[in-house]
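Asker: Let me give you the structure first, and then I'll get to my questions.
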Amino acid sequence: MRRRRSVLLIVPVLLVLAGCTPVGQFIADGGDGTVAPTPTPSATESATPTPTPEPTSTDCDNAVLTEPGEYHLGDCIKITVRGHDIQVYAGSVESLLIDGNANDVDAGVVGTAKIDGNVNHLDTLDLDSVEVDGNFNRVGVHGSVDEVDVDGNDNDVLADGEIGTVVDRGDRNNIGSQP
């Protein structure tokens with residue numbers, strides 16, 4: 001009698017546990033006990049994530065940087081930073097264009113710089129001219145700036161040296177020399 005109760009209790013437990021495993025995983029559709037065929041890769045494309053670029057070190061004459069990451073460049077004629085979350089360390093640059101958001105450029109002497117976007121940072125030793133179109137951008141110059149043209153709001157253009165001609169067509173911009 002005791003043995004019968006054990007069997008009666010074990011059978012429902014086994015049925016519940018058997019429900020956790022799909023039967024079709026072990027047998028073919030025909031149910032004859034043969035092994036089911038393994039799936040083959042399909043020809044349809046699947047989305048693959050874009051790998052994050054490794055830090056790059058290169059020389060440049062006309063660099064165009066579009067992928068997020070860190071870039072180390074020498075002296076350049078022209079650098080274009082187009083995108084977001086791009087960090088650039090460069091020597092002297094004749095022409096710099098930052099087009100996007102949340103980019104950070106540290107450079108030596110820069111001829112002309114144009115920033116078009118929001119929350120970008122530019123730090124340089126000297127700067128001939130800068131044009132800022134956007135909001136919450138920061139330009140720091142350890143020397144002087146000849147020309148500043150700002151069309152946006154809440155931007156900072158600060159120089160340790162003198163600042164020449166200033167055109168400010170926005171609100172709450174901070175343009176001036178630091179003590």
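Asker: Got the relative contact order for segment 63-103 handy, in percent, Cα pairs under 8 Å and 6 or more residues apart?
Answerer: About 41 percent, as a whole number.
Asker: Nearest 0.05, what FRET efficiency do Ser144 and Lys78 give at R0 = 25 Å with Cβ-Cβ as r?
Answerer: Calculated value: 0.65.
Asker: Quick one: accessible area per residue over segment 93-179, 1.4 Å probe, rounded to a whole number of Å²?
Answerer: Per residue, segment 93-179 has 45 Å² of solvent-accessible surface.
Asker: Contact order normalised by length for segment 79-137, with contacts defined as Cα pairs under 8 Å and 6 or more residues apart; what percent is it?
Answerer: Over segment 79-137, the number comes to 29 percent.
Asker: Compute the label zone of Asp160 within segment 81-122: residues whose backbone N is under 18 Å from the point 7 Å along Cα-to-Cβ.
Answerer: 90-93, 105-111, 122
Asker: Going by Cα centres, segment 74-96 and segment 133-156 are how many Å apart?
Answerer: 17
Asker: Using the Karplus equation 6.51 cos²θ - 1.76 cosθ + 1.60 (θ = phi - 60°), what ³J(HN,Hα) coupling, rounded to whole Hz, does each residue of segment 122-132 give in order, writing x for Gly and Pro?
Answerer: Computed from phi, the couplings for segment 122-132 are 10, 10, 8, 7, 9, 8, 5, 8, 9, 10, 10 Hz.
Asker: What distance in nm lies between label points placed 7 Å from Cα along the C-beta direction at Asp168 and Asp128?
Answerer: 2.6
The values are calculated or read from the model by the stated rules, or taken from the named source; none is laboratory data. It should be emphasised that the depicted structure is a prediction, and the values quoted were computed from it without experimental measurement. Every residue, glycine among them, receives a Cβ derived from its backbone with ideal geometry; neighbour counts consider all protein chains shown. What goes into the accessible areas is simple: the full protein's heavy atoms, side chains included, and nothing from ligands, DNA or RNA. Shrake-Rupley method; radii C 1.70, N 1.55, O 1.52, S 1.80 Å.
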